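Participant: Can you read through this structure? Questions will come right after.
The values are calculated or read from the model by the stated rules, or taken from the named source; none is laboratory data. Just so we're clear, the structure is a prediction, and the values are computed from it rather than from any experiment. So basically every Cβ, Gly included, is an ideal-geometry build from the backbone, and we count neighbours across all protein chains shown.
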Amino acid sequence: MTLAPKRALAEEAMRHSWFPVARSVDLARPQAATLLGTKLVVYRDGAGRPVVQSRRCPHRGGDLSIGAVHAGSIGCPYHGWQFASDSGACVRVPSLADQAKIPPKARIATYPAVERFGHVWTVLEEPIVEMYDPAEWRDAQLVWLAADPIDSPVGVGVTIENFRDVAHFPFVHKVSMGPTPEVVEPLDVRRDGLDVWMFRPLTAGSGEWAGDGDCMMRYHCIAPGLASITYDYERLGIRVVAGFPSPVSYEHVKIFWGVANAVDYAGASLEENLRIEEMVYLEDAPIVENLDPREIPWDAEVEEFSVPADRFTLNYRRCFHELMRRVQGG
């Protein structure tokens, strides 16, 4: 079946964009990952560097994610072939008496690897933008705690919109947030290129956050796949929650996410903040997994209606369209 034009462009844009594929804390052994249908292995080599490579051994199809990591290579669990962590070239075939006879074309694909926000990130094709680096975090001296990833049968765009939609709070987050107004106030939204921000005060209310006092929330999305809230408490300091949905396929994500506290944050611990934020994520899950369609209808294949409360998510869509234009323009 031929993909609709904008859907195909959205997929192409994501192939040129950074996504997380593993948590840093899990790299004591190789990790299996799938990004837009590409099967990957993620590991830390003997020098401590994160590595992202093709998961399939080109000899007889062994799964490198259950293989052994050596000083500068990863070994296949099936026949022991080893592939260099820097280039992917085959550097050892145990069954060969003469290692000079290694098949010269035997290698695995090697992808960029960046470790940031408690995760390892990669990009499948030449990136069209730099790795995410939100300006509001650069001087905050944040300490990150990566959460358990969440599997979700929807696309990146739908997931990001759910993270940053505010009109669903009184219906979905009654426990975690307590009673919240159904009528949404005029939203303070600003967009620049691939970034969209929203500034919104948080009143303490009667939910899990009641004891922290009031704060200002800086919502920030960057197309295609970063969504965050930076909470700035006058009394406590700065803390962050951020979600990074990684597309297993076009309509299926693995949600990597985490929390961070500034080193001088005077509020709850990272573990406690993660517990509270996880409650929010899990309240969303049964609603989001039943949405129809499972990804933003870029080609208007279904009819949608919007209201002023959707201003932030509509601007995220404009950011994603900008990303598509950049890919289309080379």
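Participant: All but one of (1) more than 20 Å from the chain's Cα centre (by Cα); (2) over 15 Å from Trp137 (Cβ atoms) hold for Lys254; state the number of the condition that does not hold.
Facilitator: Exception for Lys254: condition (1).
Participant: Take Gly329 and decide whether it is of a type in the set (Gly, Ala, Ser) and farther than 27 Å from Arg15 by Cβ.
Facilitator: no
Participant: Scan the range 42-68 residue by residue and report those that are touching a residue at least 24 places away in the same chain (Cβ under 8 Å) and part of a strand (DSSP E or B).
Facilitator: Result: Val42, Tyr43, Arg44, Pro50, Val51, Val52, Gln53, Ser54, Arg56, Asp63.
Participant: Here is a follow-up. Take the residues in the range 106-126 that are touching a Ser or Thr at 6+ places or on another chain (Cβ under 8 Å) and β-branched (Val, Ile, Thr), then tell me which one is farthest from Trp137 (Cα to Cα).
Facilitator: The residue in question is Ile108.
Participant: With respect to Lys39, determine if the residue is basic (Lys, Arg) and either within 19 Å of the chain's Cα centre (by Cα) or assigned to a strand (DSSP E or B) (or both).
Facilitator: Yes; evaluated as a whole, the condition is true for this residue.
Participant: Checking Ile128 against (1) in contact (Cβ under 8 Å) with a residue 24 or more places away in the chain; (2) assigned by TED's automatic domain parsing to the domain that holds Arg311, which test does it fail?
Facilitator: (2)
Participant: Something else now. Of Thr34, Thr38, which residue is within 19 Å of Leu124 (Cβ to Cβ), in contact with a strand residue (DSSP E or B) (Cβ under 6 Å, 6 or more places away or on another chain), surrounded by fewer than 19 Cβ atoms within 10 Å (Cβ to Cβ) and in contact (Cβ under 8 Å) with a residue 60 or more places away in the chain?
Facilitator: Thr34
Participant: Taking only the range 93-118 into account, find how many residues are loosely packed, with under 13 Cβ neighbours inside 10 Å and hydroxyl-bearing (Ser, Thr, Tyr).
Facilitator: 1
Participant: Considering the range 275-321 alone, what residues qualify as being over 20 Å from Phe256 (Cβ atoms), acidic (Asp, Glu) and in contact (Cβ under 8 Å) with a residue 12 or more places away in the chain?
Facilitator: Asp299, Glu301, Asp310
Participant: List pairs: first residue in the range 186-202 and in the same structural domain as Asp232 (by TED's automatic domain parsing) and among the β-branched types (Val, Ile, Thr), second residue crowded, with 17+ Cβ neighbours inside 10 Å and part of a strand (DSSP E or B) anywhere in the structure, Cβ distance under 6 angstrom, at least six positions apart or on different chains.
Facilitator: Val189/Met198; Val196/Cys221
Participant: Quick check: is even one residue across the range 235-257 out of contact with any Asp or Glu (no Cβ under 9 Å at 6 or more places or on another chain), closer than 22 Å to Ala22 by Cβ and surrounded by fewer than 18 Cβ atoms within 10 Å (Cβ to Cβ)?
Facilitator: Yes, that holds for at least one residue.
Participant: Oh, and also: When you go through (1) within 26 Å of Leu142 (Cα to Cα); (2) outside any strand (DSSP E or B) one by one for Ala71, which number turns out not to apply?
Facilitator: Every condition holds for Ala71 apart from (1).
Participant: Right, next: Looking at (1) assigned to a strand (DSSP E or B); (2) surrounded by 20 or more Cβ atoms within 10 Å (Cβ to Cβ); (3) touching a helix residue (DSSP H, G or I) at 6+ places or on another chain (Cβ under 8 Å), which is the one condition that is false for Trp121?
Facilitator: (3)
Participant: Within the range 262-288, take every residue that is of a type outside the set (Gly, Ala, Ser) and assigned to a loop (DSSP other than H, G, I, E, B) and give me the one that is farthest from Gly213 (Cα to Cα).
Facilitator: Looking at the filtered set, the residue picked out is Val263.
Every residue, every condition in (1) more than 29 Å from Ile255 (Cβ to Cβ); (2) at pLDDT below 95; (3) surrounded by fewer than 19 Cβ atoms within 10 Å (Cβ to Cβ); (4) assigned by TED's automatic domain parsing to the domain that holds Ala146, yes or no:
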| site | (1), (2), (3), (4) |
| --- | --- |
| Val21 | no, no, no, no |
| Val25 | no, no, yes, no |
| His70 | yes, no, yes, no |
| Ala89 | yes, no, yes, no |
